[in-house]
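Read the structure below first, then the notes.
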Amino acid sequence: MRKVDRVDLLAGLLVLATGVYFAVGALEYRMGTITRMGPGFVPFWLGVIAALLGAVIAATALGRAGRLPEFAWRASGSVLGAILAFGVLLPLFGLLTAAFAASAISMTGNPAAGKRLILLTSAAITLICWTVFIATLGLPIPVWEMPF
Amino acid sequence: MDVWANIVIGFDTALSPTNLIYCLLGVSLGTFFGMLPGIGSLAAVSMLLPITFYLEPTTALVMLAGVYYGAEYGGSTSSILLNLPGTPSNAVTCLDGYPMSQQGRAGVALFSTTIASFIGGTLGVIALYLLAPLIVRWALAFGPAEYFAIMLFGLVAAATVTQDAPAKGLAMVVLGMLLGTVGADITSGVPRFHFGFFELRDGINFIALAMGLFGVSEIILSIAQSVDKPFIQKVTLRSMVPTRDEVRRSVMPVFRGAGIGGFFGALPGTGPSIATFIGYAIEKRLSSTPERFGKGAIEGIVSPESANNAAVQAAFIPTMTLGIPGSATMAVMMGALLIHGIQPGPQLMNQNPDIFWGLAASFWIGNLLLLILNIPLIGLWVRMLKIPYGVLYPAVICFICIGVYTVRTSTFDVFLVLFFGLMGYVLRLLRFELAPILIGFILGPMVEENFKRAMLIYRGDFGEIMGRPISGTLLAMTAALLVWTFWSVMRARRREIRREARWADD
């Protein structure tokens, strides 16, 4: 089998696809002329350049070996899940619930953290968030809401 | 003399009690976040930006700038004690800083990097005072053609200078520019690429982009690697005193580093990181005993740190005089200026001399405060390094979410952080550099606007842009940079293939 650097191959194809997506999308807008460019002109050519660069990156991947690194499911799942929870819970239940949930969910990404540590740390972080952002800075954030 | 008048105006503003307090707060928070591995100056500035919304513009910027250069001071502390760079531009300091710490000379290393940072920072501020008025006088005559050429040079430099894979760096710049096209077109007002989201018609919130790309992806990587912190030794004041020989060997590297930093900092597109690498390489080449480098040579830490802080201060020159941010962190700083209703550019210095010179003066005061914070109080910071990462990152995630939410009081932006966090993590796994995305994102719309205006003025004739002296020179430099980068990559690749072929023959 031929040697392929999978990292750069995937990287190149990803950039290529993004470029094509934007270039095709830009066709929806007016192109205009070189003197009076329409809204589609610059995104179209940027998309074309991106597609070309993507092709170059993918081409350089051929002929040398390389393995894809492992995707850290647990770490990324917990961190991204925490942000999702914050965004969903904040308008429904307010800052205290959202911050506590975000902190607790993100801590599940750390295999060494036990239940007690998670609960105590999250409570402390919620308190800190309230002290800094609500009590001290007075930011306009809903603190405690009940949707039902 | 003009310079003295500017210094007086500046210190008058910077020494007001409010500005002093926020400067102290900024540099302290900066040192703290800079010291934490995984939170660079960029994430620290964007995370703390919402806190400054309710402050006066000058005070807000004094504080944010303090966070920025404070983070660079703090970052060297974790490089030396933990072998983990606190910010990307402190990476070089690990090479000789950590060996010094293993030899029990952590105190000397911390002391000398702080002094080197202070000298570098001070010289950077002096460069800002002397060069900024000259550039402004010059820049008032700039038209869209010149702006277009400078920005193009900055974009190409950002993508190619520090990269081993320039095509990937350029791809990230273009990706950033594409993200920058999201939202209303400046000339026609047509909303582009809003994917059906009402919130995207104003464009992507750049704080959400920065926090997702840098903050979130860095946290994911750090947890996944679960780095064990090495033993941190105690640092006493007495252990910080360097020997006479160490002082003698450090003097020239500090000044050379400051010169290198000042040059690369002021150049758009290159920034502190590249300055530190070059500073280190030059000291190693000039040294009569290069074999000591990597084993705890004091020259190998003072030159990069001096370069780093000189570059950080000098980076404010293009941002404040031309409105062109030279690095990703400066892009965030410029975003902060815009949020506070200050338009950076040649007019800033004449229309708001108090803001311009006040900021410049506060930089030096901040450096002085950092000197005090980092030498007598070093023990306090070392103790803070012992906070385990496992309880720190949940707090950082909450701060990111709250900060991004407050910018526009919108949970949509929180979900954007989620999206860009995932994107940043995937791109990092694919060995892309992320900083060029942010530079492309901030400069992209400005490049587009100036390009359109230039083409309108010159009736679509690109030759006119190339024929003007300043823009023509810059375009030629950009082309030369591209050719040189690709030539050196091709050469390295050919050599690699030949070597592999030779192995295959054996």
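Please treat every number below as a calculation from the coordinates, not as lab data. Just so you know, these numbers come straight off a predicted model, no measurement behind them. As a convention, Cβ positions derive from the backbone with ideal geometry for all residues, glycine included, and neighbour counts pool all protein chains shown.
Listing B:Met211, B:Met240, B:Met320 from the residue with the fewest other Cβ atoms within 10 Å to the one with the most, what is the order?
In order of increasing Cβ crowding within 10 Å: B:Met240, B:Met320, B:Met211.
Which Cα, out of B:Pro325, B:Gly300, B:Leu348, lies furthest along the positive dipole direction of segment B:281-351 (beta carbon charges, K/R +1, D/E -1)?
Checking the options against the dipole of segment B:281-351, the answer is B:Gly300.
Give me B:Thr473, B:Thr160 ranked fewest to most by other Cβ atoms within 10 Å of their Cβ, as a rough exposure proxy.
Fewest-to-most Cβ neighbours within 10 Å comes out as B:Thr473, B:Thr160.
Extending each Cα 7 Å along its Cβ direction at A:Leu13 and B:Ile232, get the distance between those two points in nm, one decimal.
Between A:Leu13 and B:Ile232, the simple spin-label model gives 4.5 nm.
Of B:Lys168/B:Lys386; B:Lys295/B:Lys386; B:Lys284/B:Lys386; A:Lys115/B:Lys386, which ones are farther than 29 Å apart at the Cα?
From B:Lys168/B:Lys386; B:Lys295/B:Lys386; B:Lys284/B:Lys386; A:Lys115/B:Lys386, over 29 Å: B:Lys168/B:Lys386; B:Lys284/B:Lys386.
What is the mean number of Cβ atoms from other protein chains located within 10 Å of the Cβ atom of each residue in peptide A:52-61, rounded to a whole number?
For peptide A:52-61, the averaged partner shielding equals 4.
Return the loop-located chymotrypsin sites (Phe, Trp or Tyr not before Pro) in segment B:210-289 (DSSP other than H, G, I, E, B) with at most 10 other Cβ atoms within 10 Å of their own Cβ; answer none if there are none.
Counting only loop positions with at most 10 other Cβ atoms within 10 Å, the chymotrypsin sites (Phe, Trp or Tyr not before Pro) in segment B:210-289 are B:Phe231.
In percent, how large is the relative contact order of chain B, given Cα pairs closer than 8 Å and 6 or more residues apart?
27
Give me a single rounded figure for B:180-193: the average over its residues of other chain Cβ atoms within 10 Å of their Cβ.
Averaged over the peptide's residues, the number is 5.
Enumerate by residue number the trypsin sites (Lys or Arg not before Pro) in segment A:44-103 meeting two conditions: DSSP loop (anything except H, G, I, E, B), and at most 16 other Cβ atoms within 10 Å of the site's Cβ.
A:Arg64, A:Arg67
How would B:Cys94, A:Cys129 line up from fewest to most surrounding beta-carbon atoms within 10 angstrom?
B:Cys94, A:Cys129
Over all directions, what mean area does the Cα convex hull of segment A:6-60 project, stated in square nanometres?
Value for segment A:6-60: 3.4 nm².
Thinking of chain B as a set of Cα atoms, what percent of all their pairs are more than 30 Å apart?
That fraction is 47 percent.
So what is the diffusion coefficient of segment A:49-89 in µm² per second by Stokes-Einstein at 4 °C and 1.567 mPa s, using a Kirkwood Rh over Cα pairs?
Reported coefficient: 96 µm²/s.
Given points 7 Å out from each Cα along the Cα-Cβ axis, report the B:Arg459 to B:Met252 separation in nanometres with one decimal.
Each label point lies 7 Å from its Cα, and together they span 5.9 nm.
What number, rounded to the nearest 500 deg cm²/dmol, is the helix-based mean residue ellipticity at 222 nm of the protein assembly as shown, given -39500 (n - 2.57) per DSSP H run of at least four residues and division by all its residues?
Taking each H run of at least 4 residues, the total per residue is -23500 deg cm²/dmol.
What is the gain in length, in nm to one decimal, between A:Arg30 and A:Phe148 on full extension, counting 0.36 nm per residue of separation less the C-alpha to C-alpha distance? Could the numbers behind the result be given before it?
Working: separation 118, 0.36 × 118 = 42.48 nm, distance 4.81 nm.
In short, 37.7 nm is gained.
If a helix is a whole DSSP H run, which ones in chain A reach 20 Å or further along their own axis (Cα) and hold a mean Kyte-Doolittle hydropathy of at least -1.0?
A:6-26, A:41-60, A:73-93, A:115-129
Which residues in segment B:429-472 have a backbone N closer than 20 Å to a point placed 7 Å from the Cα of B:Gln343 along the Cα-to-Cβ line?
From segment B:429-472, the list is B:442-457.
Calculate the spin-label point distance for B:Leu380 paired with A:Arg67, positioning each point 7 Å from the Cα along the beta-carbon direction, and give it in nanometres.
4.8
Mind jotting down the three principal axis lengths of segment B:138-213 based on Cα atoms? Whole angstrom, largest first.
Result for segment B:138-213: principal-axis Cα extents of 37, 36, 20 Å.
Just counting partner chain Cβ atoms within 10 Å, what average do the residues of peptide B:385-394 show around their Cβ?
The per-residue average across the peptide is 6.
Using only C-alpha positions, report the orientation-averaged shadow area of the convex hull of the protein assembly as shown, nm², one decimal.
Spelled out: convex hull of the Cα atoms, projected over all directions, averaged, 31.4 nm².
Going highest first, how would you order B:450-459, B:130-139, B:146-155, B:292-301 by mean Cβ packing within 10 Å?
B:146-155, B:292-301, B:450-459, B:130-139
Tally Lys and Arg at +1 and Asp and Glu at -1 over the other residues with C-beta under 9 Å from the C-beta of A:Asp8: what net charge comes out?
Taking every Cβ under 9 Å from that of A:Asp8, the sum is +3.
Projected onto the charge dipole of segment B:322-470 (+1 at Lys/Arg Cβ, -1 at Asp/Glu Cβ, origin at the Cα centre), which of B:Gly390, B:Phe415, B:Ile457 gives the Cα projection farthest towards the positive end?
B:Gly390
Tell me, what is the percent relative contact order of segment A:6-60, built from C-alpha pairs under 8 Å that lie six or more residues apart?
Details: 82 pairs, mean separation 28.4, N = 55.
Once normalised by length, the contact order is 52 percent.
Rounded to the nearest 20 debye, what is the charge dipole size of the protein assembly as shown about its Cα centre when +1 sits on each Lys and Arg Cβ and -1 on each Asp and Glu Cβ?
1520
At 20 angstrom or more along the helix axis (alpha-carbon based) and mean Kyte-Doolittle of 1.0 or higher, what helices does chain B contain? Whole DSSP H runs only.
Both cut-offs are met by B:17-35, B:106-139, B:144-160, B:166-180, B:353-374, B:389-408, B:411-429, B:435-457.
Can you compute the charge dipole magnitude of segment B:179-281 about its Cα centre, using +1 on each Lys and Arg Cβ and -1 on each Asp and Glu Cβ, nothing else charged? Give it in debye, rounded to the nearest 20.
Working: 9 positive and 7 negative charges, 130 e Å.
Around 620 debye, computed over segment B:179-281.
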